[in-house]
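Take a look at the structure below.
Values quoted throughout were computed directly from the atomic coordinates according to the rules given, and no laboratory measurement underlies them. Quantities reported herein were computed from a predicted structural model and do not represent experimental measurements. Methodologically, a virtual Cβ is constructed for each residue, glycine included, from the backbone with ideal geometry; neighbour enumeration extends over all protein chains shown.
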There are 2 protein chains.
Amino acid sequence: MAAFDLSLYLVTDRSLSLGRPLETVVEEAVRGGVTMVQLREKDASTLDFYNLAMKLKSILKSYNVPLIINDRLDIALACDAGGLHIGQSDMPYSVARKLLGKDKIIGLSVESIQDAIDANNLDVDYIGISPVFGTQTKTDTAPALGLEGIGEITRISGHPSVGIGGINLTNAQDIIQAGADGISVVSAIMSAPDPQQSARQLKEIINKSKNK
Amino acid sequence: MAAFDLSLYLVTDRSLSLGRPLETVVEEAVRGGVTMVQLREKDASTLDFYNLAMKLKSILKSYNVPLIINDRLDIALACDAGGLHIGQSDMPYSVARKLLGKDKIIGLSVESIQDAIDANNLDVDYIGISPVFGTQTKTDTAPALGLEGIGEITRISGHPSVGIGGINLTNAQDIIQAGADGISVVSAIMSAPDPQQSARQLKEIINKSKNK
């Protein structure tokens, strides 16, 4: 598998882009320092999802930033994405790995200590710890884990990790200091007036926090 | 590709099963003479879709009836289904064929004469002509094609075909006589008080119509 950098991981949400085309926001964000991009589309038709994935892949390629597809292994295969992110209600990991092969990145959402323990038995490439804080982006989430939860899970887990859920400029430092390898954001970049600048600011905070 | 029989093609809809488990209705239907089953799940999580597909596949295997997955190539791959059915808003056919391989059945929905002409350039295994009549099962459909539309499309098309949309005991014969190789039904079996009996009655009508 290609090396990847979890530091600043953007998860897309078209409904939060303030009317701007998704690909514009994503490209600005990557110019600002985003290291991974996850395309998450819960309501798009398969054709729209596929077309969007192909567009993003072509943009991200020139920045050498991997495109990760949320949930949909068919889209990941169809656009030859860098990887797949699955949650606890998605395809079983073993099935996804078998179909996607060992050269692709597969990330798994963990929503509890038990999920993190279970994930230690799987050769996933990273875990997404969620939700760290309450968030308005997703309404179907498990209870917030808080910084304590991040600390506990990163100590237990044998995998690289990102925190996700309610993370922004004011608390990004806490997530890294609690033990995560990176932060995952949605609205902090998708809804930022200047996505490039917000990404740059987040990246600086992460870099400083990691060097402490 | 294995031979397949389009005569009586059941498309599932859990919300129409009158509270009965989907797998029970499907097995009864197959005992009554259903020759193909398409699992269609528009709202299920990927995990639920996968688990249901695995269950149906195991049931259908003993009857030698192919399981076709609607839209979701990931589920078709994951459960090694007999094939995939795609609509005009799903994965492009060429991509689906490349990922699924030449040994699987791929069906395509056509909703107009033009769709049928376009499909002649693709090596799809069958076309689903829809909607023949108005239907309450799907609300996002194109205008009803009617028997005349079925006749025109089956004359133009180089592919085997099934009609779908509002087909039941009273009009099944007309669909076959208009030129289709089979009929596809949802509520006529899913909501039947006795799915096995309804399937048997439909099958008899189809067989008689074909021998005329």
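Would you give the gap between the C-alpha center of the stretch A:30-63 and the C-alpha center of the stretch B:77-135, rounded to a whole Å?
So the separation of the two Cα centres works out to 26 Å.
So what's the net charge close to B:Leu18: Lys and Arg +1, Asp and Glu -1, counting the other residues with Cβ under 15 Å from its Cβ? Display every interim value, and only then the final one.
Details: positive: B:Arg14, B:Arg20; negative: B:Asp13, B:Glu23, B:Glu28, B:Asp194.
Summing Lys and Arg as +1 and Asp and Glu as -1 gives -2.
Run through the stretch B:71-123 and list the trypsin sites (Lys or Arg not before Pro) located in a DSSP loop whose Cβ has at most 10 other Cβ atoms within 10 Å.
Details: sites: B:Arg72, B:Arg97, B:Lys98, B:Lys102, B:Lys104; in loops: B:Arg72, B:Lys102, B:Lys104.
Loop-located and lightly packed - B:Lys102.
Whole number please: convex hull volume per residue, Cα atoms of the protein assembly as shown, in Å³.
Numbers: hull volume 60.8 nm³, N = 424.
Cα convex hull per residue, to the nearest whole number: 143 Å³.
Would you tell me the mean number of C-beta atoms belonging to other protein chains that fall within 10 Å of each C-beta in B:93-100, as a whole number?
On the way: counts 0, 0, 8, 3, 0, 2, 4, 1.
Mean shielding count: 2.
Diagonalise the Cα gyration tensor of the stretch A:8-211 and give the resulting equivalent ellipsoid semi-axes, square root of 5 times each eigenvalue, largest first, whole Å. Intermediate values should be presented prior to the final figure.
Working: eigenvalues 106, 95, 45 Å².
Ellipsoid semi-axes (Å, largest first): 23, 22, 15.
Step through the residues of the stretch B:103-118 one at a time and calculate ³J(HN,Hα) from phi using the Karplus curve (6.51 cos²θ - 1.76 cosθ + 1.60, θ = phi - 60°), rounding each to whole Hz and writing x for Gly and Pro.
Karplus-based 3J(HN,Hα) across the stretch B:103-118 equals 7, 9, 7, 10, x, 10, 6, 10, 10, 7, 4, 4, 4, 5, 5, 4 Hz.
Between B and A, which B residue has the Cβ nearest their rotation axis, distance in Å?
B:Asp74, 2
With the calculation restricted to Cα positions, what are the radius of gyration and Dmax of the stretch A:63-169 in angstrom?
Computed over the Cα atoms of the stretch A:63-169, radius of gyration and Dmax are 13.8, 39 Å.
Just want to confirm a number: the relative contact order over chain A, from Cα pairs under 8 angstrom separated by 6+ residues, in percent. Spell out each step's value before the answer.
Working: 413 pairs, mean separation 50.4, N = 212.
Computed value for chain A: 24 percent relative contact order.
For a paramagnetic label modelled at 7 Å from the Cα of B:Ile59 toward its Cβ, which residues of the stretch B:174-189 fall within the zone defined by backbone nitrogen distances under 17 Å?
Within reach of a label on B:Ile59, which here means backbone N under 17 Å from a point 7 Å along Cα→Cβ, the stretch B:174-189 contributes B:185-189.
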